[in-house]
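*Asks:* Just passing along the structure, written as structure tokens.
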Amino acid sequence: MNDDIHPAEGGPEQAFRTGFVAIVGRPNVGKSTLLNRLIGQKISIVSSKAQTTRHRVTGILTEGAAQFVFVDTPGFQTQHRNALNRSMNRTVSQVLADVDLVFFVIEAGRFTDDDRKVLAVIPESAKLILVINKVDQLKDKARLLPFIDQVRQVRDFTEIVPLSAEKGRNVEELIKAATPLLPEGAPMYGEDEITDRSERFLAAEFLREKLFRLLGDELPYGIAVEIEKFEVEGNLRRIFAAVIVDKAGHKGIVIGKGGEKLKRISSEARVELERLFDAKVYLEVWVKVKSGWADDERALKSLGYE
């Protein structure tokens, strides 16, 4: 435990602060990368494709005299194309109604109409930190201050923190700025806990990330992962998972020639899960067709969407 959380000689003891923090923004601004960087471990999947994050993922950071319970939300969908999009947007709205602080994430040098639409969903009463991510990708650094001034005109932000989640630059400044904005209260989780999500949930998420990464532009839009069986035998996890596709023609895309694509997806997911769980993993994956699942409320509930 750091020395700075002990009371100064003869001074009052520093109050512990704890609270829920939502990480919101349009798709692909780096919300999941930021969450993983804050936690110091990968718990939320990362992809260059939109709509990678579909569920709330709670990450926990206990730092000094504060505990942050982070909620990584789906990127708010400005086009309500189907039940999946509506489910994701409901998740964002529910999260924002329940948190103590909001990190609104945008890309350095880029503030779009979609950013404005997401900002409009955040209650005016919210404590709001503007997180300007990907500053390392801004070629002309002289553009940063005028850009901050431009965005500052749109909303009265409590704090503004430019950073690079991918490189880890200035992330500690975000924690420093956010700590006094949390309410005083006892920690909700143990110091060593980093997520409240189950291993079963994380297995589905990590497998889904490999589908996004390894299928690239071939990836069918209507794709999901369902863990059909998850067994723990000592230091071994036996995981049986189905990849759900929308059309019969998509099955071959996921499996690949001679089954090679699915083998590679399964193998890479297994390696990451062994690292995450610190245990041996047996992972068996197959592909199932469920036509129209992304626009079927019952199918979405069976797959864990809210």
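The values are calculated or read from the model by the stated rules, or taken from the named source; none is laboratory data. Quick caveat, the model's predicted, so the values are computed rather than measured. No Cβ is skipped: glycine too gets one built from the backbone with ideal geometry, and neighbour counts run over all protein chains shown. Note: areas computed on protein heavy atoms with side chains; ligands, DNA, RNA excluded. Shrake-Rupley method; radii C 1.70, N 1.55, O 1.52, S 1.80 Å.
*Asks:* Rounded to the nearest 10 Å², what accessible area does E159 have for a 1.4 Å probe in the complete protein model?
*Replies:* 70
*Asks:* Related question: Report, ordered by chain and residue number, the lysines lying within cross-link reach of K247, taken as a straight Cα distance under 22 Å and ignoring same-chain residues fewer than 8 apart.
*Replies:* Straight-distance partners of K247: K49, K210, K257, K261, K263, K288, K290, K301.
*Asks:* So how much accessible area does E124 have, in Å² to the nearest 10, using a 1.4 Å probe?
*Replies:* 150
*Asks:* So which chymotrypsin sites (Phe, Trp or Tyr not before Pro) in region 184-251 are both in a DSSP loop and have at most 15 other Cβ atoms within 10 Å of their Cβ?
*Replies:* Of the chymotrypsin sites (Phe, Trp or Tyr not before Pro), the ones in loops of region 184-251 whose Cβ has at most 15 other Cβ atoms within 10 Å are Y221.
*Asks:* When the label point is put 7 Å from the Cα of Q14 along its Cα-to-beta-carbon vector, which residues of region 130-172 have a backbone N closer than 17 Å?
*Replies:* Flagged as within label range: 172.
*Asks:* Further question: Separation of region 175-245 and region 125-154 by C-alpha centroid, Å?
*Replies:* 30
*Asks:* In square angstrom, rounded to the nearest 10, how much accessible surface does R110 have for a 1.4 Å probe?
*Replies:* Spelled out: R110, probe radius 1.4 Å, area about 120 Å².
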